[in-house]
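Here's the structure, in structure tokens; my notes come after.
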Amino acid sequence: MRLVLPIMGLILGAYIGSTLTFQLPAVYIKYMSIAVLASLDSVFGGIKAIMEKNFDGATLLTGFFTNALVAALLAYLGDRLGVDLYYAAVFAFGVRLFQNLAIIRHHILTSFKNIKIFSGDDHERQ
């Protein structure tokens, strides 16, 4: 039940973000995209922590904003130096995001296997 609120917040945020018309200058698109990727990493890390029963709201909030800020600053610094540090942040947060999704998927599948409908017990009774 505790998982419903973060998922509803994610869906509501995606809906609001897709319906609002906000024009971001083209110069900031790279920084904003990496900040969003880092923030999504934090959100899925929070969902994973809820499933593992070690969620801490302060850790989620500080990680959310710190990751987004550091990722955007890393991309900016790379642009100023003429080095594509942007790709390092995309790789790091992308890998973590997919690892968190894999763990979440594993938890969901494990919980479905514990339900008798999916465990194969019905075939033995027939």
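The values are calculated or read from the model by the stated rules, or taken from the named source; none is laboratory data. Quick caveat, the model's predicted, so the values are computed rather than measured. Neighbour counts run over all protein chains shown; Cβ positions are idealised from the backbone, glycine included.
Across the stretch 57-81, which residue is nearest to the chain's Cα centre (by Cα) among those that are of a type in the set (Gly, Ala, Ser) and over 13 Å from Gly46 (Cα atoms)?
It comes out as Ala68.
Kindly list, by first and then second residue, each pair from a residue in the stretch 69-95 that is among the acidic types (Asp, Glu) to a residue that is crowded, with 17+ Cβ neighbours inside 10 Å and in a helix (DSSP H, G or I), limited to pairs with Cβ atoms under 7 Å and residues at least 6 apart or on different chains.
Hits for this filter: Asp84/Gly78.
Quick check: anything in the stretch 26-41 under 19 Å from Arg105 (Cα atoms), acidic (Asp, Glu) and assigned to a loop (DSSP other than H, G, I, E, B)?
No: zero hits.
So, in the stretch 50-78, exactly how many residues are assigned to a helix (DSSP H, G or I) and either exposed (fewer than 15 other Cβ atoms within 10 Å of the Cβ) or in contact with a His (Cβ under 6 Å, 6 or more places away or on another chain) (or both)?
11
Looking only at the stretch 1-48, which residues are under 12 Å from the mean Cα position of the chain (by Cα), modelled with pLDDT of 85 or more and surrounded by fewer than 16 Cβ atoms within 10 Å (Cβ to Cβ)?
Answer for the stretch 1-48, where residues must be under 12 Å from the mean Cα position of the chain (by Cα), modelled with pLDDT of 85 or more and surrounded by fewer than 16 Cβ atoms within 10 Å (Cβ to Cβ): just Val36.
Specify which of the listed residues (Lys48, Lys53) is among the basic types (Lys, Arg) and touching a residue at least 12 places away in the same chain (Cβ under 8 Å).
After ruling out the rest, the residue left standing is Lys48.
Which of the residues spanning the stretch 13-42 are closer than 18 Å to Gly63 by Cα and in contact with a Phe, Trp or Tyr (Cβ under 7 Å, 6 or more places away or on another chain)?
Tyr31, Ile34, Leu37, Ala38, Ser39, Asp41, Ser42, listed by residue number.
I'm trying to understand the selection: among the residues of the stretch 77-106, which are in contact with a Lys or Arg (Cβ under 9 Å, 6 or more places away or on another chain) and within 15 Å of Tyr28 (Cα to Cα)?
Asp79, Tyr86
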